[in-house]
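Down below is the structure, laid out as structure tokens.
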Amino acid sequence: MQRLEGKTALITGAARGLGAQIATRFAEAGARVIINDLNLSAAKATADRLGGEAVACDVSDSASVAAMFKTVDGMTDRLDILVNNAGISGMEGDNSARTRIAEMVEKIQAGETPDAPLGGLFTEVTDESWHRMIGVHLDGTFFCSREATARMMHAGGNILNLSSIMGTFGRPGGPAYCAAKAGILGLTRALAHELAPYQIRVNAIAPGWIHTDMTDPLAPMHPMLEAQTPLGRLGEPDDIAFAAVYLASDEAKFVTGQCLSPNGGWYMSQ
Ligand SMILES: NC(=O)c1ccc[n+]([C@@H]2O[C@H](COP(=O)([O-])OP(=O)(O)OC[C@H]3O[C@@H](n4cnc5c(N)ncnc54)[C@H](O)[C@@H]3O)[C@@H](O)[C@H]2O)c1
């Protein structure tokens with residue numbers, strides 16, 4: 001018997017990165033996987049590789065999320081697992097990010113103080129970028145969890161939310177990202193309490209620094225981050241994917257409202 005045999009899982013933002021690797025390990029563990037992303041053809045490419053199905057929507061849009069779940073209803077009469085993974089860094093389309101980060105690292109190594117933290121000064125955060133960050137991460141987790149819960153209440157289920165060490169520890173230069181990821185931890189605990197009577201478990205994963213397309217512009221920082229990490233390396237997508245398999249499986253049947261943080265020891269308290 002495989003660990004997720006007979007389970008159907010919807011994973012958001014799973015065309016690439018951590019979501020795609022979670023879907024890969026879920027499929028290997030016997031789950032039927034439904035891959036969501038913004039772009040249907042990208043979601044389909046991953047779904048085809050895994051023998052799964054694809055659906056598209058922007059998780060920050062409540063009506064689109066509701067429509068996507070209607071599509072999912074047409075594919076399956078059971079939803080056992082939802083992984084709220086879709087996310088943005090705020091550096092998307094910013095071609096100068098890598099150069100700015102390299103300059104920042106140079107200054108730190110020369111013992112100088114950088115002019116501004118990684119994502120710029122807090123006083124320069126726009127309303128639009130703040131709302132987009134909260135929208136994709138926190139609203140998206142809320143919209144998808146609400147739809148999934150309605151489908152899980154009769155038979156139980158599992159919700160897994162991608163938080164971050166930015167939500168547990170925080171760091172300068174990304175206040176909206178940190179606030180969204182910390183908000184996800186609050187939502188995780190609230191839902192874990194409220195949904196336990198329905199045998200719906202709700203947990204969070206707070207990854208450390210993992211090399212994906214999202215974090216690729218941070219490459220100039222990698223040696224510094226490796227040196228700060230007790231286990232001496234950045235994470236790889238499987239470090240998160242296997243944590244997700246565990247939390248979604250019956251091996252974790254007594255685990256709810258928790259935050260598991262594979263981070264190489266970079267931060268040791270949640
Ligand atoms: N990589 C890391 O170091 C790291 C660390 C902590 C937390 N995380 C979190 O893990 C999750 C996955 O990160 P990743 O590194 O794989 O990123 P990634 O950029 O490689 O993949 C994110 C995916 O989400 C999709 N997406 C973005 N906005 C969406 C939306 N509104 N609706 C639907 N899909 C959307 C993207 O198209 C992309 O395919 C994110 O929530 C991220 O914040 C990542």
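The values are calculated or read from the model by the stated rules, or taken from the named source; none is laboratory data. Since this is a predicted model, take the numbers as computed values, not measurements. In this analysis, Cβ positions are derived from the backbone assuming ideal geometry, glycine residues included, and neighbour counts consider all displayed protein chains. Keep in mind that these areas ignore ligands, DNA and RNA; they rest on the heavy atoms of the full protein, side chains included. Shrake-Rupley method; radii C 1.70, N 1.55, O 1.52, S 1.80 Å.
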Quiz item: Over the chain, one equal point on each Cα, no solvent: what is log10 I(q)/I(0) by the Debye formula at q = 0.09 Å⁻¹?
Solution: -0.40
Exercise. May I ask for the angle, rounded to the nearest 10°, between helix 140-152 and the longest principal axis of the chain, with both axes built from Cα atoms and the value confined to 0 to 90°?
Key: 20
Self-check item: Length gained when the stretch D250-Y198 is fully extended (0.36 nm per residue, less Cα-Cα span)
Solution: 17.2 nm
Quiz item: Name the GluC sites (Glu not before Pro) in the stretch 107-144 that are in a loop by DSSP and that have at most 12 other C-beta atoms within 10 Å, would you?
Solution: E112
Quiz prompt | Virtual paramagnetic centre 7 Å along Cα→Cβ of T76, amide N under 17 Å, in the stretch 144-169 | solution = 144-161
Exercise. Run the numbers on the chain and let me know its relative contact order in percent, using alpha-carbon pairs under 8 Å that are six or more apart.
Key: 20
Self-check item: Within the chain, helix-based [θ] at 222 nm, where runs of 4 or more DSSP H residues each add -39,500 (n - 2.57), nearest 500
Solution: -13000 deg cm²/dmol
Quiz item: Taking the Cα centre of each part, how many Å lie between the stretch 152-201 and the stretch 243-257?
Solution: 14
Quiz item: With the contact rule set at Cα under 8 Å and sequence spacing of 6 or more, what percent relative contact order holds for the stretch 145-248?
Solution: 29
Quiz item: Percent relative contact order of the stretch 11-168, based on C-alpha pairs within less than 8 angstrom and at least six residues apart?
Solution: 25
Quiz item: Which FRET efficiency, nearest 0.05, do E236 and Q2 yield, Cβ-Cβ r, R0 22 Å?
Solution: 0.45
Self-check item: Accessible-area composition of the chain, carbon plus sulfur, in percent [1.4 Å probe]
Solution: 54
Quiz item: Tell me, what is the per residue accessible area of the chain in Å², probe radius 1.4 Å?
Solution: 47
Quiz item: Long-range amide H contacts for G235: which residues qualify at under 5 Å (H placed 1.01 Å from N, peptide plane, sequence gap of 5 or more or a different chain)?
Solution: W209, I210, H211
Exercise. Please give, to one decimal in nm, the separation of the simple spin-label points placed at Q109 and M224, each 7 Å out from Cα toward the Cβ.
Key: 1.0
Self-check item: Added length on full extension, which subtracts the Cα-Cα distance from 0.36 nm per residue, D213 to N95
Solution: 41.2 nm
Self-check item: Total lysine pairs under 21 Å (Cα atoms) in the chain, excluding pairs fewer than 8 apart on one chain
Solution: 4
